[in-house]
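Chemist: The structure under discussion is supplied below as structure tokens; questions concerning it will follow.
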Amino acid sequence: MNNRISELRKARQMTQQELADALMVTRQTVISLENGRYNASLLLAHKIAVYFGLTIEEIFLFEEETTCSSN
Amino acid sequence: MLIKLISCAPDFETTIKRRTRLLQGLAVLGVIGLVCYATLVPNSSLPDFVQGLYAGVSCGLIIASAIGLARVAWLKKHPEAWKKAAIQNNDEREWAVSSKALQTAALATFFLSVAAMLIVAPFSLAAFWALWGEMICFALILLIAAQVYARIL
């Protein structure tokens, strides 16, 4: 799942640490989210959406994933 | 990490209270171990290394809990460090990492126990049955936990 967190953060001229403090998560979590290595929970995704004043769908770009259960 | 997983709570204040109680419990265990070492062990026929194990584990528990309690006391006096620790404690990625690490450790322990059981069987039946019991316990806990979580989640 891709997301626009990095783009939105840069547009607001924020550092990863500032965003992490605002979301009450560690900087490492912000880095992992931006790199797409970690998928946020619904709760964190909502927190991020509220922070940027957007909807979850506008930040997180869902893609159809092929998994064993979805075949 | 284990203490973190055991003492988890929705808010950091409760987590710290639980952690403090857990550390105090560990310290009491250490003291009990030392009392046993001082009173019961000298009159027993235990081999030297087992006697040493009593003293070592007991001292280890006391030192580890003392360090943990000192850290808690330090956190309470430093609001900035407290805030940082709270964020780290409640961070969902940190939980995911701990959870994954615990899963990996549990699986590795299980399969290593199977290997150890096959290796030690010709040398020690007691060790074989101890490992067998450990694996049965693991499987039972896994089944019970799956049933419980299936109802909760």
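The values are calculated or read from the model by the stated rules, or taken from the named source; none is laboratory data. This structure is a prediction, so every number in the text was calculated from the model and none was measured. Here Cβ is always computed from backbone atoms with ideal geometry, including for glycine, and neighbour counts include all displayed protein chains. Remember, those area values only see protein heavy atoms, side chains included, never the ligands or the DNA or RNA. Shrake-Rupley method; radii C 1.70, N 1.55, O 1.52, S 1.80 Å.
Chemist: Say whether the condition of being more than 14 Å from chain A (Cβ to nearest Cβ), charged (D, E, K, R) and either assigned to a helix (DSSP H, G or I) or open to solvent by 90 Å² or more (accessible area, probe 1.4 Å) (or both) is met by at least one residue in region B:84-101.
Modeler: No, the conditions are met nowhere in region B:84-101.
Chemist: Now, a different point. For A:L19, all conditions in the list (1) within 22 Å of B:E94 (Cα to Cα); (2) modelled with pLDDT under 95 hold save one; what is the number of the exception?
Modeler: (2)
Chemist: Shifting gears a bit: With more than 17 Å from the chain's Cα centre (by Cα) and in the same structural domain as B:E134 (by TED's automatic domain parsing) as the only criterion, which of B:L107, B:L112 stands out?
Modeler: Answer to the check: B:L112.
Chemist: Quick one: B:I63 ticks every box in (1) in the same structural domain as B:E13 (by TED's automatic domain parsing); (2) modelled with pLDDT of 90 or more; (3) in contact with a helix residue (DSSP H, G or I) (Cβ under 7 Å, 6 or more places away or on another chain) except a single one, so which number is it?
Modeler: (3)
Chemist: Sticking with this structure for a sec: Looking only at region A:32-55, which residues are buried (at least 16 other Cβ atoms within 10 Å of the Cβ) and of a type in the set (A, V, I, L, M)?
Modeler: Once the filter is applied, which keeps residues that are buried (at least 16 other Cβ atoms within 10 Å of the Cβ) and of a type in the set (A, V, I, L, M), region A:32-55 yields A:L33, A:A40, A:L44, A:A45, A:I48, A:A49.
Chemist: Another question about this same structure. If I go through region A:14-32 residue by residue, how many of them are more than 15 Å from B:A85 (Cβ to Cβ) and more than 8 Å from chain B (Cβ to nearest Cβ)?
Modeler: 10
Every residue, every condition in (1) more than 14 Å from chain B (Cβ to nearest Cβ); (2) without any contact (Cβ under 8 Å) to a residue 24 or more places away in the chain, yes or no:
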{"residue": "A:Y38", "(1), (2)": "no, yes"}
{"residue": "A:L42", "(1), (2)": "no, yes"}
{"residue": "A:H46", "(1), (2)": "no, yes"}
{"residue": "A:A49", "(1), (2)": "yes, yes"}
{"residue": "A:I59", "(1), (2)": "yes, no"}
{"residue": "A:E63", "(1), (2)": "yes, no"}
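Chemist: When you scan region A:36-61, how many residues do you find that are part of a helix (DSSP H, G or I) and not hydroxyl-bearing (S, T, Y)?
Modeler: Number of matching residues: 14.
Chemist: Give the residue that is least open to solvent (accessible area, probe 1.4 Å), with candidates limited to residues of region A:12-28 that are more than 15 Å from A:I59 (Cβ to Cβ) and part of a helix (DSSP H, G or I).
Modeler: Checked region A:12-28; the qualifying residue least open to solvent (accessible area, probe 1.4 Å) is A:A20.
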